[in-house]
Amino acid sequence: MRVTLNGQSRDVAKGLSLADVVAQLTDAPRGIAVALNAAVVPRGNWAATTLADDDRIEVLTAVQGG
Amino acid sequence: MDDPFVLAGETFTSRLVMGTGGVSSLEVLDAALEASGAELTTVAMRRVDPGTRGSILDVITHRGVRVLPNTAGCYTAGDAVLTAQLAREAMDTNWIKLEVIADEHTLLPDAVELLDAAEKLVDDGFVVLPYTNDDPVLAHRLEQVGCAAVMPLGAPIGSGLGIRNPHNIDLIVENAGVPVILDAGIGTASDAALAMELGCDAVLIASAITRAQVPALMAEAMRKAVEAGRLAARAGRIPVRRYARASSPAEGTVGSAS
């Protein structure tokens, strides 16, 4: 199945959760937020959220900025 | 506290808000934050880069400084609202420095998108601190939709051009019922002092500190300039006169008639 993760298209296994995808990118315990198809998914719901074909996932964190 | 700065019900001692954009390393940021005395500092939200080492949040929270996420880089109200919601989730704060810019060359705020985003974010429970043009009318509209402060620019972001239209800043201050934070355009300490002398409640400075040759030294200069400007504003300056007015007594000079 194909999803778009932080703007990049990639193949992922069926049944993958948001928590699995985030863990592939970062192990930061805090300061991370996730949007699925342009809607915020609270951290507590990552594990229970299963990805579907064509999902768009954004994983953001804080960086330096004015 | 003699002269506290109250913003959205929170009390601060420092009237210098530091932006972290432009720092060369986390060590430089740490030293500049300490020297600035800032109690509030901005961060941006970006896609996670798996190669990044060290977290800017660790440096900021270790200093006991409050984090103010921004929506820098957003061109539409929709993107700004989603970025603000992501920031709230990531950093557990409902405060947001709202930026909605029009183009990458001037980085000037897009007034229409800005007002739209401000209204939506206020409705969604955010404490909205909008980066705005030095336009008294727009500042008033932002206040009307419920923004907790207005943050007019002195000049374009990172330009260091200083306060190009002091009269407009003066008008914004005069009409504002919420704190006015001069944001963007500061180049050096005298610009920050002028902002405070004009009656601004605080100044937000990033590039002028982070891109100075010695950031920590400039941070200290800005801290003192903001303090000096604030004191001067409270003290009440003398009126400007066209001709001299002697400060020494006019009577009793040598050779004068008694």
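The values are calculated or read from the model by the stated rules, or taken from the named source; none is laboratory data. Keep in mind that what you see is a predicted model, and the values were worked out from it rather than measured. Glycine gets a Cβ as well: all are built from the backbone with ideal geometry, and neighbour counts include every protein chain shown. Ligands, DNA and RNA are excluded from the accessible area calculation, which covers all protein heavy atoms including side chains. Shrake-Rupley method; radii C 1.70, N 1.55, O 1.52, S 1.80 Å.
Evaluated against (1) free of Cβ contacts under 8 Å to residues at least 12 places away in the same chain; (2) closer than 26 Å to A:ALA35 by Cβ, B:GLY9 falls short on exactly one condition, (2). Name the pairs whose Cβ atoms lie under 6 Å apart, with the first residue in segment B:93-116 and small (Gly, Ala, Ser), the second surrounded by 18 or more Cβ atoms within 10 Å (Cβ to Cβ), and 6 or more positions between them or separate chains? Filtered contacts from segment B:93-116: B:ALA102/B:ASP110; B:ALA111/B:LEU138.
Among the conditions (1) outside any helix (DSSP H, G or I); (2) crowded, with 18+ Cβ neighbours inside 10 Å, the only one that B:THR52 does not satisfy is (2). One residue stands out in segment A:11-30 among those that are within 15 Å of B:ARG47 (Cβ to Cβ) and either assigned to a loop (DSSP other than H, G, I, E, B) or more than 13 Å from every other protein chain (Cβ to nearest Cβ) (or both): the one that is modelled with the highest pLDDT, namely A:THR26. Within segment B:10-20, if we keep just the residues that are assigned to a loop (DSSP other than H, G, I, E, B) and farther than 15 Å from B:VAL150 by Cα, the residue that is farthest from the other protein chains (Cβ to nearest Cβ) turns out to be B:THR13. Within segment B:21-35, being within 14 Å of another protein chain (Cβ to nearest Cβ) and either at pLDDT 95 or above or outside any loop (DSSP other than H, G, I, E, B) (or both) holds for B:LEU26, B:GLU27, B:VAL28, B:LEU29, B:ASP30, B:ALA32, B:LEU33.
Inside segment B:81-103, residues that are of a type in the set (Gly, Ala, Ser) and more than 23 Å from A:VAL22 (Cβ to Cβ) make up a count of 1. Residue check: B:VAL67 meets all listed conditions (1) over 15 Å from the mean Cα position of the chain (by Cα); (2) open to solvent by 10 Å² or more (accessible area, probe 1.4 Å); (3) within 8 Å of chain A (Cβ to nearest Cβ) but one, namely (1). The condition of being farther than 16 Å from B:THR41 by Cβ and either at pLDDT below 95 or under 13 Å from the mean Cα position of the chain (by Cα) (or both) holds for B:ARG245. Screening B:VAL112 against (1) buried (at least 20 other Cβ atoms within 10 Å of the Cβ); (2) farther than 23 Å from B:THR13 by Cα; (3) among the hydrophobic types (A, V, I, L, M, F, W, C) leaves a single unmet condition, (1).
Residues in segment B:199-226 that are under 23 Å from B:VAL128 (Cα atoms) and either open to solvent by 40 Å² or more (accessible area, probe 1.4 Å) or in contact with a Pro (Cβ under 6 Å, 6 or more places away or on another chain) (or both): B:ASP201 only.
Between B:LEU121, B:LEU86, B:LEU57, the distinction of being crowded, with 18+ Cβ neighbours inside 10 Å, in contact (Cβ under 8 Å) with a residue 40 or more places away in the chain and more than 20 Å from B:MET151 (Cβ to Cβ) belongs to B:LEU86 only.
Within segment A:1-15, the set of residues being open to solvent by 30 Å² or more (accessible area, probe 1.4 Å) and not charged (D, E, K, R) comprises A:MET1, A:THR4, A:GLY7, A:GLN8, A:SER9, A:ALA13, A:GLY15.
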